[in-house]
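One structure is given here, and the rest of the page talks about it.
Taken together, the values in this text are just the output of simple stated rules run on the coordinates, not laboratory data. Being a predicted model, the structure only gives us computed values, none of them experimental. Here Cβ is always computed from backbone atoms with ideal geometry, including for glycine, and neighbour counts include all displayed protein chains.
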Amino acid sequence: MAVFMKLARIIGDLDDEFYRDERQRDVWNEASAVGFQLAQWAALVGGAVLPWLAGRAGAQIAIGVLALWFLISMAVIMYARARDVDVYDTAKTWTPRVFVACLVYLAGIVGIYAQLSTPLDQDPATWAGAVVGGLVGGGTAVALIAWYRHRQRRRWAEEDARDLADR
């Protein structure tokens, strides 16, 4: 078992006797999902509001809040994928909920930028940083999309091979 999975089992206390009763486990899993989503929305809204209400200090805190929000989201998705569940297989990409979350996130990013930036025309290093950041971020996004599509195609090929073997 990978280190990530061992840590996830410890953090989630998944070996507790509590999880042996199926109904109790199902209700707890639903309650945990509600709690997780509530924490995610609170972090997202907090990260969006802090720069606007608390100025420069709020923007700096919002960076940490939004980074933590992102890392926890990725940890949840990685855990599910490690257990062969891909949330993107059945998820609809642009639901109203996702659209609102993106708008709230963008409000936080704009607030952070507005509070921490200097005018772009005053410092050439800012332009260079923006270009390099855009290239690195865009390249990373393209690489992650390509990796995800390759992984998805491989998973579908494995499923098709299993289906053919079962016939």
Seen from all sides and averaged, what is the projected area of the convex hull of the Cα atoms in the chain, in nm²?
14.1 nm²
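Once you have the Cα-Cα distance between GLU30 and GLU159, take 0.36 nm times their residue separation minus that, and quote the gain in nm to one decimal.
So the chain would gain 43.6 nm between GLU30 and GLU159.
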Table column - 3J(HN,Hα) (Hz), the range 141-154, Karplus curve with 6.51, -1.76, 1.60, x for Gly and Pro:
4, 4, 5, 5, 5, 4, 4, 5, 5, 4, 4, 5, 4, 5
Separation between the VAL132 and ASP13 pseudo-spin-labels, each 7 Å from Cα along Cα→Cβ, expressed in nm?
4.6 nm
With r as the distance between the Cβ atoms of ARG20 and TRP41 and R0 = 35 Å, compute the FRET efficiency 1/(1 + (r/R0)^6) and round to 0.05.
0.65
To the nearest 0.05, what FRET efficiency results for ARG97 and VAL142 with a Förster distance of 30 Å applied to their C-beta separation?
0.70
Have a look at LEU53, VAL85, ALA39 and report the one farthest towards the positive end of the charge dipole of the range 2-116, computed about the Cα centre with Cβ charges (Lys/Arg +1, Asp/Glu -1).
LEU53
Explain nothing, just compute: Karplus ³J(HN,Hα) = 6.51 cos²θ - 1.76 cosθ + 1.60, θ = phi - 60°, for every residue of the range 62-70 in order, whole Hz, x for Gly and Pro.
4, 4, x, 5, 5, 5, 5, 3, 5
Separation of the range 139-155 and the range 33-94 by C-alpha centroid, Å?
21 Å
Considering the chain as a Gaussian network with a 10 Å cut-off on Cα pairs, which listed residue, ALA114, ALA130, ALA48, attains the greatest mean-square fluctuation?
ALA130
State, as an integer percentage, the relative contact order of the chain based on alpha-carbon contacts under 8 Å between residues 6 or more apart.
22 percent
